[in-house]
Amino acid sequence: MLRCQKGVVKAELNGGTPIGILGGTGPEGRGLGLRFAFAGERVVLGSRDAGRGRDAADSLAPVLAGAGGRVEGATNAECARQCGLIVLAVPYAGQAALLRELGQDLAGKVMVSVVAPLAFVDGRARATPPNSGSAAEEAAAMVPTARWVAGFHTLPARDLLRPANRMDTDALVCGDDPDAKRDVMQLAGKIPGLRAVDAGPLECARYLEAATALLININRIYRAHGSLRIAGI
């Protein structure tokens, strides 16, 4: 269920309202959805087209056999209405239009941006931050009634989609709402081998988004799928 206190919507993890992923048909969205489902959560993969959302969910069913959670497909609008904690995983080019369409349904909800504005030149990734500094800060300005957090940018989709393997990496999470950030870090901690690290206020999202380009380029050079681990803490 949803608990409402002073206008704030709080998602109950493990058996409460589902976790939503807007733009959940891409590799990152499907990977996060799969991992959350393995942690026992009900997950809704949102898409512009309900059929694509269902197809993405169905593609995960064989891997999820015997797991405690489940994955469903829906439109992005249905996902926004049903879910209390929502991951924004759409390409940056589609972010503004989606938030204009769904903004009212996101009020009071914990929103996790994994969006990274990127351009590719000769096969190399380049960070292309908006004037606001980051896609997450831009999203928060567009829908200020939501409780914005940024994180999960540095997790390779390829590893997320292999739930039999431990992640052995860190999930860097930043935000200005302490309770929302705590909820997201708690969710990250349910994924075996994944350690949640508090990366500061939401303005630090610009560094997480840029790190996505950095990792893509490193992995291209080494033909790998590396991630980030913070030493010394």
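Please treat every number below as a calculation from the coordinates, not as lab data. Source: prediction; values computed, not measured. With ideal geometry, Cβ positions are generated from the backbone for all residues, glycine too; neighbour counts draw on all protein chains shown.
Each label was represented as a point 7 Å from its Cα along the Cα-to-Cβ direction; for ARG166 and ARG100 these points are 4.7 nm apart. Largest GNM mean-square fluctuation among MET111, MET185, MET142, using the chain with Cα springs under 10 Å: MET142.
Roughly how many Å is it from the Cα centre of the stretch 94-136 to that of the stretch 42-63, as a whole number? Comparing the Cα centres of the stretch 94-136 and the stretch 42-63, I get a distance of 21 Å. Put simply, the amide H of THR17, placed in the peptide plane, has neighbours under 5 Å in GLU12, leaving out anything fewer than 5 places away on its chain.
Bridges between two residues of the chain, per DSSP, are antiparallel at a rate of about 30%.
For GLY68, the shell of other residues with beta-carbons less than 14 Å away shows a net charge of +3, using +1 for Lys and Arg and -1 for Asp and Glu.
Residues whose amide H lies under 5 Å from that of LEU85, counting only those 5 or more places away or on a different chain, are GLY20; hydrogens are built 1.01 Å from N in the peptide plane. Annotation for SER59 and SER132: the two label points, set 7 Å from Cα along the Cα-Cβ direction, are 2.9 nm apart. Here the calculated FRET efficiency for LEU228 and VAL121, from their Cβ-Cβ distance with R0 = 30 Å, stands at 0.80, rounded to the nearest 0.05. Using a Gaussian network model of the chain in which every pair of alpha carbons under 10 angstrom is joined by a spring, one finds that among ILE21, ILE86, ILE216 the greatest mean-square fluctuation is at ILE216. Picking from VAL90, VAL63, VAL115, which is most flexible by a Gaussian network model of the chain using Cα springs under 10 Å? Result: VAL63 has the largest fluctuation of those listed. Relative contact order for the stretch 34-108: 32 percent, from Cα pairs under 8 Å spaced at least 6 residues apart, divided by residue count.
Against the compact-protein benchmark of 2.2 N^0.38 Å, the Cα-based radius of gyration of the stretch 13-222 scales to 0.93.
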